[in-house]
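Student: Questions regarding the structure given below will be posed in turn.
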Amino acid sequence: MKTILTVNGKQHEVGHDSRRTLLDTLRDDLGLQGTKKGCDHGQCGACTVLLNGERVNSCLCLTAMHEGDEITTIEGIGSPERLSALQKAFVEKDGYQCGYCTPGQIMSATAMLKEISEGAPSYVSDDLGAPHLSDEEMAERMSGNLCRCSAYPLIREAIAMAAEVKK
């Protein structure tokens, strides 16, 4: 079957099996190796991408379900020559350790910062009106992204740093 995807602002027509995951399409068909395959069961967050601005585990998405959707991968956030604020902060705060989970962490953090700016509460939000970027709030919202190196404090420091840059 064929599906038209818009990935990082570019349209792609992809021929694929109807059972093919978005993760495999991104990595194997489109050559976007930044999105990592971790658990392949939606439990680690290494494959996190933005789908129409919302974070999703691409290993749980079928390519065929996303005809015409806007997909953003880590390659669409920044480049080595022009890093995003989050990418710069991860480097400065050493929030990447081995680096395997980093693309998923950055994609999830990108969506998380948007959620907070839009006032979307989480389980630990003090009220339903205006969540603020506390360490507890970040830990809760980033809990779907695992880091085997346990760099969580550094990751949260990087996110807080990037959020300050964007203000």
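The values are calculated or read from the model by the stated rules, or taken from the named source; none is laboratory data. Bear in mind the structure is a predicted one, so any value in this text is a computation, not a measurement. Counting neighbours? That spans all protein chains shown, and the Cβs are built from the backbone with ideal geometry, glycine included.
Student: Need the failing condition index for GLY68 against (1) in contact with a helix residue (DSSP H, G or I) (Cβ under 9 Å, 6 or more places away or on another chain); (2) modelled with pLDDT under 95, just the number.
Tutor: Condition (1) is where GLY68 drops out.
Student: Now for a separate question. Within region 83-93, is there a residue that is touching a strand residue (DSSP E or B) at 6+ places or on another chain (Cβ under 7 Å) and either assigned by TED's automatic domain parsing to the domain that holds ALA160 or outside any helix (DSSP H, G or I) (or both)? Working first, answer last.
Tutor: Our first condition is that a residue be touching a strand residue (DSSP E or B) at 6+ places or on another chain (Cβ under 7 Å); within region 83-93, this holds for none.
Scanning region 83-93, I find no residue that is touching a strand residue (DSSP E or B) at 6+ places or on another chain (Cβ under 7 Å) and either assigned by TED's automatic domain parsing to the domain that holds ALA160 or outside any helix (DSSP H, G or I) (or both), so the answer is no.
Student: Take ARG148 and decide whether it is assigned to a loop (DSSP other than H, G, I, E, B), charged (D, E, K, R) and closer than 18 Å to MET107 by Cα. Break it down stepwise before answering.
Tutor: Details: assigned to a loop (DSSP other than H, G, I, E, B): yes; charged (D, E, K, R): yes; closer than 18 Å to MET107 by Cα: yes.
Criteria met by ARG148.
Student: Please state which one of GLY95, GLY76, GLY99 is at pLDDT 95 or above, closer than 27 Å to VAL165 by Cβ and of a type outside the set (Phe, Trp, Tyr). Give the steps one after another, and end with the answer.
Tutor: Numbers: GLY95 fails: at pLDDT 95 or above; GLY99 fails: at pLDDT 95 or above.
The unique qualifying residue is GLY76.
Student: Sticking with this one: Only one residue in GLN43, GLN105, GLN97 is on the phi > 0 side of the Ramachandran plot and either crowded, with 19+ Cβ neighbours inside 10 Å or assigned to a loop (DSSP other than H, G, I, E, B) (or both). Which one? Quick ask: steps written out before the conclusion?
Tutor: Working: GLN43 fails: on the phi > 0 side of the Ramachandran plot; GLN105 fails: on the phi > 0 side of the Ramachandran plot.
Result of the check over GLN43, GLN105, GLN97: GLN97.
Student: Starting from region 142-156, take each residue that is under 19 Å from SER125 (Cβ atoms) and not assigned by TED's automatic domain parsing to the domain that holds GLY38 and list its partners that are assigned to a helix (DSSP H, G or I) and basic (Lys, Arg), counting only C-beta distances under 8 angstrom and pairs at least six apart or across chains.
Tutor: If the second residue must be assigned to a helix (DSSP H, G or I) and basic (Lys, Arg), the pairs left are MET142/ARG156.
Student: What pairs can you find where one residue is in region 17-33 and at negative phi and surrounded by 15 or more Cβ atoms within 10 Å (Cβ to Cβ), the other is among the small types (Gly, Ala, Ser) and part of a loop (DSSP other than H, G, I, E, B), and their Cβ atoms are less than 9 Å apart, with a gap of 6+ or different chains?
Tutor: LEU26/GLY34; ARG27/GLY34
Student: May I pose another question? Specify which of the listed residues (GLU75, GLU140) is closer than 23 Å to LEU23 by Cα, assigned to a helix (DSSP H, G or I) and either among the β-branched types (Val, Ile, Thr) or out of contact with any Lys or Arg (no Cβ under 8 Å at 6 or more places or on another chain) (or both). Give the steps one after another, and end with the answer.
Tutor: On the way: GLU140 fails: closer than 23 Å to LEU23 by Cα.
Matching residue, one of GLU75, GLU140: GLU75.
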